[in-house]
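Notes follow once the structure below has been shown.
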Amino acid sequence: MADLKIRTRDTGATARMEKGAMPVLSTPTGGSLDLVTGVSAPGFNPLDLLYASLAACLALSIRSAATKLGVTDRLGEVSAEVRGEKAAEGPSRVARIEAVLHIGGDFDDATRDQLIHMAEGICTVSNTLAGGPEIAVRRG
């Protein structure tokens, strides 16, 4: 079985919003993304980014799980579809998130289930959301 090496990098995000404009997001590593809030505007809104983070983390974690099991050579396309439901009553929040993972490759259902189970344990985003992290908001 292959050992995984944990690599770290600067993480985080900054949202800057000029008067009358939409926020522009940036990362410490130089990533940038324009944000949208219009219902039919193409692009990412804040909830889309939450779901996208979970989807990307789960997909990458499937690959890591396949590496741990020594079956990466049999792994095909992986996709993760993530959707959420907002809570009916306040405060404004997501009450439920569902992720559906599609794992292509030469695997039986038991192996696919094992990959998904392992990915849940590997994925930092799903572990964070499940753990309800402390969030500290303060004036800068």
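In table form, for the structure just shown:
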| quantity | calculated |
| --- | --- |
| Residues of segment 103-139 classified as open to solvent by 80 Å² or more (accessible area, probe 1.4 Å) and under 15 Å from the mean Cα position of the chain (by Cα), total | 3 |
| Evaluation of ASP73 against (1) touching a residue at least 12 places away in the same chain (Cβ under 8 Å); (2) open to solvent by 60 Å² or more (accessible area, probe 1.4 Å); (3) assigned to a helix (DSSP H, G or I); (4) not basic (Lys, Arg) (one fails), failing number | (1) |
| Residue within segment 6-19 that is among the hydrophobic types (A, V, I, L, M, F, W, C) and closer than 27 Å to THR111 by Cβ present | yes |
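The values are calculated or read from the model by the stated rules, or taken from the named source; none is laboratory data. A quick note: this is a predicted structure, and the numbers were derived from the prediction, not measured. Glycine gets a Cβ as well: all are built from the backbone with ideal geometry, and neighbour counts include every protein chain shown. Note: accessible area is taken over every heavy atom of the protein model, side chains too, but ligands, DNA and RNA are not part of it. Shrake-Rupley method; radii C 1.70, N 1.55, O 1.52, S 1.80 Å.
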